[in-house]
Protein chains: 2
Amino acid sequence: MSETATRRRRSGGRAGHQTRAGHAAIEQMPWRIPLNPDRPVEPLDDAGVEAIHRGAMRILQEIGIEFLNPEAVEILRRAGCRVAGTNVRMDEDFVTEMLGHAPESFTITPRNPGREIVVGGRHMVFVNVSSPPNAWDMVRGKRPGDFATFQEFIKLTQYFNCIHVAGGYPVEPIDIHPSVRHLDCLREKLITTDKVVHAYSLGAERVEDVMEMTRLAGGLSHDAFEARPRMYTNINSVSPLKHDYPMLDGAMRLARRNQPVLVTPFTLAGAMAPVTMAGAVALSLAEGLSAIALLQYIRPGCPVGIGTFTSNVDMKSGAPAFGTPEYIRATQMTGQLARRYKLPMRSSGVCAANVPDGQAMWETSNSLWAAVTSGTNFVYHAAGWLEGGLIASPEKFVMDCELLQMIQRYFEPAITDTSDDAIALDAIREVGSVGHYFGCEHTQQRYATAFYAPFASDWRNYEAWVADGAVWTQERAHRIYKAILADFAPPPMDDAARGALEEFVIRRKEEGGAPTDF
Amino acid sequence: MSETATRRRRSGGRAGHQTRAGHAAIEQMPWRIPLNPDRPVEPLDDAGVEAIHRGAMRILQEIGIEFLNPEAVEILRRAGCRVAGTNVRMDEDFVTEMLGHAPESFTITPRNPGREIVVGGRHMVFVNVSSPPNAWDMVRGKRPGDFATFQEFIKLTQYFNCIHVAGGYPVEPIDIHPSVRHLDCLREKLITTDKVVHAYSLGAERVEDVMEMTRLAGGLSHDAFEARPRMYTNINSVSPLKHDYPMLDGAMRLARRNQPVLVTPFTLAGAMAPVTMAGAVALSLAEGLSAIALLQYIRPGCPVGIGTFTSNVDMKSGAPAFGTPEYIRATQMTGQLARRYKLPMRSSGVCAANVPDGQAMWETSNSLWAAVTSGTNFVYHAAGWLEGGLIASPEKFVMDCELLQMIQRYFEPAITDTSDDAIALDAIREVGSVGHYFGCEHTQQRYATAFYAPFASDWRNYEAWVADGAVWTQERAHRIYKAILADFAPPPMDDAARGALEEFVIRRKEEGGAPTDF
């Protein structure tokens, strides 16, 4: 039986919720961690993989990476790397040895253990849009992010079962002072969602605060917190060839406490990376691997992942482009190297489009299929991203979740079942050449769960669609977003844990939060 | 150097054209037959492939196919098949022997030999939308097809270099009487395009007329016409388990003259095929292979292809759905079987959406990536299709061509070049950690042709996009469609050939065209 069969039964379990709200906003697939059964697409042969690997190693050995963090430099010096000021050169042997410590796969367990995710192997998880400074919706247009909008996106993040991780801030709430923003944002996230959360590596205090808040929200002892990954950070290098102070600081703090670090260089070919995609990928890998080597030296075996954000610029304007053919291939190439290094991999769901229209969806489709075909494990910005990451849109969030659900369904082995029952010779014999399959027993037994059921797509014919208002996809998505907010109920939370979390936030605010002068 | 490098030079060659029109409507990629370098995605293991094969063979052996054409039945009786009325059962040995005659790959050469296509192997060609009864555009909305609209779509078909085949009528011109419609439509196609054309198998006279018109337009002798494929037909079975009279008649006429036949059952899981995708695929293959076996018996070695149109219905309404997860997997499974049979394969670019919005593009992206990952050779409806094939839209045509160009670019080996030059270690050393790559020599040499250049996508930031009118994708596509029509110039045509074609059409119209009483 198809995995989607469980959907009906589980959604039946939401009866109490449905009674309260009158109806569920949408009928969606159940929570699950998708498994990607496909062999990845491999544009490079073995020699090509080795050429990029050799390129990355020569960058590390001959050119070196700037580590703008004295502590990191000192550690790498002790590890035997060649240091000249902030420049650190490392040999392939060292990198290989360090990569050998990194786990191929790890879990992250949030305050609700039922929302535990697996990062690595054939697993694939989807993360909400993270870090846009602005929001856009069909009614209000583009405007700077604020906390009320942040709260809306956090509800969408929690609501959709196909979103597995409450990653970075889905929109930057600029109406909250940076010194306490992380306190309000994480408090909101840890209460409104029960999914894996993330800390920005923007200074020691913020990172330590988020780790402590995550620990408190989970009702965990310090030992229990460190016993396994509970949250994560993502750091970006400053391409070309630099890691900055706060990113390295945050990454080292998390690694020491056994919390995962994803390292994602942003190598835009033609701007901060070579115009050739293999060069951009080699540069990205060199930057990423250098930070991972540092973390593995600090705490061998700590959970890490390699990210890719390699894309290209617009030939005309120099603006970043996303979901391009070059982006897809760079992602697939990075996937081949990530498997060579046995590291979990992150990529993204991205587009350059400014509004949730056709271009937005073909670019996003390209990037999500790139994630699938590259064997990506951790898909950032999987729902809600517009304008190259400068806009978060709730309509786009809803539309993207339809794609994510379709990808999850695409992965289900039930679709490609070739048992005798699935070949259905008896039904074919029964229906013959004059009947149809609507009424036959074989169909009746399987009909309700045989196919993907959409929530945002309109599959009616044109006339029925017109009779119902001729509503375009972005408008339907707007209505769904509003219905979800109206329908939203936060997940249960232990009172003591919530009390401890609230108390911590009050105390830290009284102390002034984090310094904002770096 | 990237293949796109040639684009700039070739578009320079359009100088005369540009002078006349003031400017080219868009800057597009040059004509080429794309080669798909990727290993196909294979959801089935060997046992799964054999299970579907065995299912198809048992359908043919035990249940049989209805051939509603006495001539076809008589031929198959002579071939040793078991016949009972219109029911024909054929053994695996016979099918295998007949499939052994079919070429793995063939060419089709239209009146302009420069537009020759290859069908099979790693080649992939794109066909315009075919056969919708209605048109829709941003200004006029939905309306029945007419000849003026037909002409517009034929111009788009010719204009775009990424459209390789002028397939079926892009919209049905219902203002022309069916008895002479094929004469007006093919006359228009053969003059306004120089690409491969198609005959509907809708009666002997139509098929013979189209073959004759194709011969005359090419200035060919009868022998030269039959010496190689010059046009093609596509036939659909009447699922379940039937081939109708005119489709078989047309297919046999083409096969006898060495012209290609694609056989494409339309097996909608849950309606005219089993609700299980493996069953729907097995049924589709049985229907398709039975017609191919007939044609190979009639003329061993004649060019044929196997088509798939296996999708699923909407669980709620019974309406057809397209670009679904089930559709993608069915296409990939069919690809595995097509390779087992060493037959070229056809699939489609399809969607259920009614307008060119987000849903239209995610469904179409899904189906086009299904074509790529299944190893499809011949992509029907690759541009312009809406409402499950009931609507042809010029905006959708333009938007789809952006996707098709991106797929062509995605296939280019230049993107994944891993030569020393592409790894770019010298440039990485030169730029170091403080510069950027915009200005370096390595970038300057490659910049203009390094990346895909879009014509419909808008990659500017939100503010620049707003300042220019905040035009959504479908509106931009509308403008491009209008600009292309304004800019359009038909391809050159030999005067004598054109005269012969015109004369033929006049004569056949005087004779009354084709009968319309079947």
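The values are calculated or read from the model by the stated rules, or taken from the named source; none is laboratory data. This structure is a prediction, so every number in the text was calculated from the model and none was measured. Note that we place each Cβ from the backbone using ideal geometry, even for glycine, and neighbour counts take in every protein chain shown. Please note that ligands, DNA and RNA were not included when accessible areas were found on the heavy atoms of the full protein model with its side chains. Shrake-Rupley method; radii C 1.70, N 1.55, O 1.52, S 1.80 Å.
Note on A:29-42: average number of Cβ atoms from other chains within 10 Å of each residue's Cβ is 2. Remark on the range B:220-260: accessible area falls by at least 40 square angstrom from chain-alone to full-complex state for B:240, probe 1.4 angstrom.
Using R₀ = 41 Å, calculate the FRET efficiency as 1/(1 + (r/R₀)^6) where r is the Cβ-Cβ separation of residue A:227 and residue A:62; round to 0.05. Taking R0 as 41 Å, the efficiency between residue A:227 and residue A:62 is 0.50. The residues B:152, A:104, sorted by heavy-atom accessible surface at 1.4 Å with ligands and nucleic acids left out, run A:104, B:152 from largest to smallest. Of the beta bridges in the range B:124-250, as assigned by DSSP with both residues counted there, near 50 percent are antiparallel. Extension gain, residue B:140-residue B:426: 0.36 nm per intervening residue step, less the Cα-Cα distance, totals 97.3 nm. The DSSP beta bridges internal to the range B:253-331 are antiparallel in roughly 25% of cases. Taking a ≥ b ≥ c as the square roots of the eigenvalues of the Cα gyration tensor, the range A:286-417 is oblate, since a/c reaches 1.5 or more and a/b is not larger than b/c.
Residues whose amide H comes within less than 5 Å of that of residue A:302, counting only those at least five positions distant or on another chain, are absent (H built at 1.01 Å from N in the peptide plane). Comment: the Cα-to-Cβ extended label point of residue B:105, at 7 Å, lies 3.9 nm from its counterparts in the other copies, nearest first. For the protein assembly as shown, the Kirkwood estimate of the hydrodynamic radius, built from every pair of different alpha carbons, is 30.0 Å.
Buried between A and B is an accessible area of approximately 9600 Å², summed over both sides with a 1.4 Å probe.
Ligands, DNA and RNA excluded, the heavy atoms of residue A:309 present near 20 Å² of accessible surface to a 1.4 Å solvent probe.
Of the beta bridges in chain B, as assigned by DSSP with both residues counted there, near 40 percent are antiparallel. Note that the range A:81-89 has calculated 3J(HN,Hα) couplings of 6, 8, 10, 9, x, 8, 7, 10, 10 Hz, one per residue in order, obtained from phi through the Karplus relation 6.51 cos²θ - 1.76 cosθ + 1.60 (θ = phi - 60°); glycine and proline are x. The candidates B:177, B:123, A:101, arranged from most to least accessible area with a 1.4 Å probe in the full protein assembly, appear as B:177, A:101, B:123. By the Kirkwood approach, averaging reciprocal distances over each pair of separate Cα atoms, chain B gets a hydrodynamic radius of 24.0 Å.
Interface burial in the range B:288-324, defined as at least 50 Å² less accessible area with all protein chains than with the chain alone at a 1.4 Å probe, covers B:315.
Quick one: grab the alpha carbon gyration tensor of the range A:466-518, order the square roots of its eigenvalues as a ≥ b ≥ c, and give me rounded if a/c is under 1.5, else prolate or oblate depending on whether a/b is larger than b/c. Cα axes put the range A:466-518 in the oblate bin. Across the range B:503-515, computed HN-Hα scalar couplings (Karplus, 6.51 cos²θ - 1.76 cosθ + 1.60, θ = phi - 60°) run 4, 4, 5, 4, 4, 5, 5, 4, 7, x, x, 9, x Hz from first to last residue, x flagging Gly and Pro. When the charge dipole of the range B:417-480 is built from unit charges on Cβ atoms (+1 for Lys and Arg, -1 for Asp and Glu) and taken about the Cα centre, the candidate among B:480, B:442, B:431 whose Cα reaches farthest toward its positive end is B:480. A point 7 Å from Cα along Cα→Cβ stands in for residue A:444, and the other copies hold the same point at 7.7 nm, listed in rising order.
Computed from phi, the 3J(HN,Hα) profile of the range B:104-112 under the Karplus parametrisation 6.51, -1.76, 1.60 (θ = phi - 60°) reads 6, 7, 8, 9, 10, 10, x, 4, 9 Hz, with x in place of Gly and Pro. When the surface is traced with a 1.4 Å probe over the full set of protein chains, residue A:89 keeps roughly 80 Å² accessible. Taking the label point 7 Å along Cα→Cβ, residue B:77 and its counterparts in the other copies are spaced 9.7 nm apart, in ascending order. Helix B:358-374 and the longest principal axis of the Cα set of chain B meet at an angle near 70°. Centroid-to-centroid, using Cα positions, the range B:322-391 and the range A:433-461 are 19 Å apart.
Computed over the alpha-carbon atoms, the range A:340-397 gives an Rg to Rh ratio of 1.03, Rh here being the Kirkwood radius from the mean inverse distance. Each of residue A:105 and residue B:342 was given a label point 7 Å from its Cα along the Cα-to-Cβ line. The distance between the two points is 4.0 nm. Computed in the context of the full set of protein chains, the accessible area of the protein assembly as shown at 1.4 Å probe radius has 51% of its extent on carbon or sulfur. Rolling a 1.4 Å probe over the protein heavy atoms gives chain A an accessible area of 32 Å² per residue.
Quick one: check the C-alpha center-to-center distance for the range B:261-301 versus the range B:188-242, whole angstrom. Measuring centre to centre over Cα atoms gives 22 Å. Peptide A:363-369 shows a mean partner chain C-beta count of 5 within 10 Å per residue C-beta. Against chain B, whose longest principal axis comes from its Cα atoms, helix B:204-217 is set at around 40 degrees. Rounded to the nearest 10 degrees, the inclination of helix B:325-340 to the longest alpha-carbon principal axis of chain B is 70 degrees.
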